[in-house]
Amino acid sequence: AVAAGAQGAFFQTDVDVSNADEQSADYQFMWFPRGVDNSEPETSETFTLGAGKSARYTNVLTEVFNLEPDSLGALGIKAKSPDLLAMSRTYNLQSEGNGGTFGQAMEAITSSDFIGYGESRRILFGSEGAEMRTNIGCQNGTDMSTVVYLDLYNAEGESLGREMLILKPLGNEQINRILDGHNPVNGYVDLSLPQPDRFVYCYGSVLDNISSDPTTIPPQ
């Protein structure tokens, strides 16, 4: 992200890349904007990182792709070395610019982390109320349109209904305040795919409504 958010927040993303290989590693970033068909993603120049070295891309969408607010989406990394590691940190810049930041980190995932047909994952810490809000985002790992079922439950395990995301090829979407219709509530979200040969990755983001401090909730 390099974009405004709810409650007066403004989010941007840094990325750290680290080469754990004994040889230099070449890599490229791919940009997957939210809500569009990303069959032919924009690709960065090729970067080279020496053995044991790390590189940080501050405000990566602007530094690498010259993007301006409001840009939201996902990044892919294309590398030949399996030992190239990466992690992103997306954080809220306070409006005054002098009060520090609040942020969440997400490690780079591989194809083995994606959810396939016949599988189910659960995202915990679902909260909606005066103090907290919960967003759910999903990335399509295939070049086909993909449906994702998001089944909502309260803490007692009672169904609160189903939301559905339709992801375009290699596309991503996020449902903000997914539990807003049941405010106030604590619960969880179950993820599943109704179509074969599809793969997605979904995450939760729980934010403090006062500071917009986000916490990453990975699927389990």
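The values are calculated or read from the model by the stated rules, or taken from the named source; none is laboratory data. Not measured: the values here are computed from a predicted model. Positions of Cβ are generated from backbone atoms using ideal geometry, with glycine treated the same way; all protein chains shown enter the neighbour counts. Protein only, heavy atoms only, side chains kept; ligands, DNA and RNA dropped before computing areas. Shrake-Rupley method; radii C 1.70, N 1.55, O 1.52, S 1.80 Å.
Which aspartates and glutamates does residue 78 reach when only Cα atoms under 17 Å apart count, and residues fewer than 8 places away in its own chain are ignored?
16, 21, 26, 40, 42, 45, 107, 113, 143
So what are the radius of gyration and Dmax for the Cα set of the chain, in Å?
Considering the chain through its Cα atoms, Rg and Dmax are 17.8, 53 Å.
Which shape class, rounded, prolate or oblate, goes with the range 88-158 when its Cα gyration tensor gives a ≥ b ≥ c as root eigenvalues, a/c under 1.5 marks rounded, and past that a/b bigger than b/c marks prolate?
Here the range 88-158 falls in the oblate category.
If the chain between residue 117 and residue 58 were fully stretched, how many nm would it gain, using 0.36 nm times the residue separation less the Cα-Cα distance?
Answer, rounded to one decimal: 17.6 nm.
With the Cα gyration tensor of the range 135-213 giving a ≥ b ≥ c as the square roots of its eigenvalues, does the rule (a/c under 1.5 for rounded; else a/b larger than b/c for prolate; else oblate) give rounded, prolate or oblate?
Judged from the Cα gyration tensor, the range 135-213 comes out oblate (a/c at least 1.5, b/c at or above a/b).
Could you look at the chain and say what percent of its accessible area is carbon and sulfur, using a 1.4 Å probe and all protein chains?
About 47 percent, which is the carbon plus sulfur part of the accessible surface.
Quick check: net charge around residue 140, other residues with Cβ under 14 Å of its Cβ, Lys/Arg +1 and Asp/Glu -1?
Taking every other residue near residue 140 into account, the sum is -2.
Going by the alpha-carbon gyration tensor, a ≥ b ≥ c the square roots of its eigenvalues, is the range 7-106 rounded (a/c under 1.5) or, if a/c is not under 1.5, prolate (a/b greater than b/c) versus oblate?
The shape class here is oblate.
For the range 7-103, which trypsin sites (Lys or Arg not before Pro) are both in a DSSP coil and crowded by at most 14 other Cβ atoms within 10 Å?
Hits after loop and neighbour filter: 53, 80.
In percent, what relative contact order does the chain have, based on Cα pairs under 8 Å that are 6 or more apart in sequence?
24
Under the Karplus relation 6.51 cos²θ - 1.76 cosθ + 1.60, θ = phi - 60°, what is the ordered set of whole-Hz ³J(HN,Hα) values for the range 139-152, x standing for Gly and Pro?
Once rounded to whole Hz, the list reads 10, 7, x, 10, 8, 10, 4, 9, 9, 10, 8, 10, 8, 9.
Count the net charge of all other residues whose Cβ sits under 13 Å from the Cβ of residue 152, scoring Lys and Arg as +1 and Asp and Glu as -1.
Within the 13 Å Cβ shell, the charges total -4.
Tally Lys/Arg at +1 and Asp/Glu at -1 over every other residue whose Cβ is under 10 Å from the Cβ of residue 169; what's the total?
For residues surrounding residue 169, the net value is -2.
Give the long-range amide H neighbours of residue 209: residues separated by 5 or more places, or on another chain, with amide H under 5 Å away, using H modelled in the peptide plane at 1.01 Å from N.
Here 132, 133 satisfy the definition.
Before anything else, pin down the relative contact order of the range 130-172: Cα pairs under 8 Å, at least 6 apart, normalised by residue count, whole percent.
Relative contact order comes out at 46 percent.
With a 10 Å radius around each residue's Cβ, average the other Cβ atoms per peptide and rank 180-186, 166-172, highest first.
166-172, 180-186
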